[in-house]
Amino acid sequence: LLQLVKVTQNQFKMPKSMGIDGDREPMTPEHPHLDSLKKDFRRHKFGYLIGGLCLGAIIAGAIAASAGHFGAGWDKVGFSDEANSQTVSVTVMESETESRGWFTRKPKNQKTPEEEEDEGAYCFRCDQAPSRGWGWAFGYGKCKCYDGYGGACCDVPDDITKKTHGPYMGSPGTYELYTFYTKDTADHMIYPDCSGDNSATSTSVPPEFSGLWWMDGNPASDYVASFGRSNWQTVANGYTCKAGPTLTNQQSGDSFPCIGGMDLNVYDENIWSWHDEALGKLVYSGALGTQLTYTFECGGDDNGKLTFCQIIPNAAIPVTSNGWVTVPADLVSFDMTRASDDLWIRNSIIAGLDDYPHNYFLKKIVNCDGTKGEHWDDYLSHGKAAAPVVPDVFGFGADERATVSDVHERQLLSKKL
């Protein structure tokens, strides 16, 4: 027992003096392990210091992140010393400055619940945002989302339909342009059903013009057309053709009786899409200001379906007695010829400049029942799909391009206010 007590006393025996350099005097030979530990600590003391600082920073960051997530409420509660009062009370600061101990600051701007939630969230990864560096490891570094995305972690696509341009004012009314994704074209545009009926306007068109039509290769600032607000009228029911009773295909020389016609107001809502860029907005503004309207007068017969349409541009310009200007067909000739149920070839001839048509292609991308049309995948290919080589029923106008034209990710549609 005495031997055990002696050993225990030696275990806890501490040196009695310090050296000039701050080190303790060597330990007694009975305790070589303690001497080894002390020398090891002196050798790595800077490593232990850095490790301790890192551990402290991590703990502090965790506390800061937790405070932000649970909304510690320091931005709402402060200490104020009311004027003419000897009492110091705790109040909710709304419009006055807040006092926090030894400093005073202005209150934060009012935020929406979504913004407060975004600020309080903690994200290990920002899906659609640039790197935050190493700040995220300590509870800092809010995700700064790329354009088109939101949410605390930048994983929520923006509702781009709320992005509007305008207003644009004209005689038909006041409109604005809103943005939509090209992949959602069918959800935003109206079009005739399989019988050619337009439920939005209680009008109708020939069934071959139902669905949505992509203007592939159109050099102007527009993408998709719809006859969803047009109203077909026949000669038999009293319609008078502006192009005359007979229509002539300038390429083939074939002539047809004019059967009827319809107007398409390109400025009207949800029937004509525009490029999401400055030029598209400028062209739309001009179309609305002049009430640009295309008159389609059609004839021909291919197993009961129309084969040819003369297209007449009309604009409201105050230089005539009735205020309307109709472009003569012998000056600028626009027409389109049928190639198939899903393809029309759009021909343009400008008198004095050339004797051959400049073509683009009217392709059905959405069927009358809302399903994907034959050319839907080409429409979304960003100009990579091969262009189909199909002539019209007269043997003209086959596409000579290698690929289809590119369609941007976003487009614009008009909406009446």
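The values are calculated or read from the model by the stated rules, or taken from the named source; none is laboratory data. Here the structure is a predicted model, which means the values were calculated and not measured. For neighbour counting, all protein chains shown are included, and Cβ atoms are generated from backbone atoms with ideal geometry for every residue, glycine included. Quick note on the areas: whole protein, heavy atoms, side chains included, nothing else; ligands and nucleic acids left out. Shrake-Rupley method; radii C 1.70, N 1.55, O 1.52, S 1.80 Å.
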Selection from region 301-321 of residues modelled with pLDDT under 95, in a loop (DSSP other than H, G, I, E, B) and farther than 18 Å from Asn265 by Cα yields Asp301, Asn303, Gly304, Pro318, Val319, Thr320, Ser321
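Could you tell me whether region 226-236 includes any residue that is of a type outside the set (Lys, Arg), under 23 Å from Ile311 (Cα atoms), in contact with a Ser or Thr (Cβ under 7 Å, 6 or more places away or on another chain) and not in a loop (DSSP other than H, G, I, E, B)?
So far as region 226-236 goes, no, none of its residues is of a type outside the set (Lys, Arg), under 23 Å from Ile311 (Cα atoms), in contact with a Ser or Thr (Cβ under 7 Å, 6 or more places away or on another chain) and not in a loop (DSSP other than H, G, I, E, B).
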Count, please, the residues in region 393-407 that happen to be closer than 18 Å to Asp377 by Cα and among the aliphatic types (A, V, I, L, M).
-> 3
Scan region 379-395 for residues that are in contact with a strand residue (DSSP E or B) (Cβ under 7 Å, 6 or more places away or on another chain) and not in a strand (DSSP E or B) and report the count.
-> 10
Enumeration of residues in region 143-183 that are surrounded by 19 or more Cβ atoms within 10 Å (Cβ to Cβ), modelled with pLDDT of 95 or more and more than 14 Å from the chain's Cα centre (by Cα) | Tyr175
Do we find a residue being buried (at least 20 other Cβ atoms within 10 Å of the Cβ), free of Cβ contacts under 8 Å to residues at least 40 places away in the same chain and not in a loop (DSSP other than H, G, I, E, B) anywhere in region 268-277?
-> no
When every residue in region 349-370 that is at pLDDT below 95 and part of a strand (DSSP E or B) is compared, the one most open to solvent (accessible area, probe 1.4 Å) is His358
Residue list for region 189-221, restricted to those being open to solvent by 40 Å² or more (accessible area, probe 1.4 Å), farther than 15 Å from Trp232 by Cβ and either free of Cβ contacts under 8 Å to residues at least 12 places away in the same chain or not in a loop (DSSP other than H, G, I, E, B) (or both) = Ser199
Go through (1) without any contact (Cβ under 8 Å) to a residue 60 or more places away in the chain; (2) surrounded by fewer than 18 Cβ atoms within 10 Å (Cβ to Cβ) and name the single condition Trp376 misses.
-> (2)
Selection from region 222-248 of residues buried (at least 16 other Cβ atoms within 10 Å of the Cβ), touching a residue at least 12 places away in the same chain (Cβ under 8 Å) and farther than 13 Å from Asp263 by Cα yields Asp222, Tyr223, Val224, Val235, Ala243, Leu247
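Tell me the residue from Phe256, Phe308 that is among the aromatic types (Phe, Trp, Tyr) and without any contact (Cβ under 8 Å) to a residue 60 or more places away in the chain, please.
Working: Phe308 fails: without any contact (Cβ under 8 Å) to a residue 60 or more places away in the chain.
Just a single option satisfies the conditions, and that option is Phe256.
So is Lys415 closer than 24 Å to Arg229 by Cα, open to solvent by 40 Å² or more (accessible area, probe 1.4 Å), assigned to a strand (DSSP E or B) and at pLDDT 90 or above or not?
So Lys415 fits the description; yes.
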Please verify whether region 273-282 includes one or more residues that are farther than 19 Å from Leu413 by Cβ, modelled with pLDDT of 90 or more and acidic (Asp, Glu).
-> no
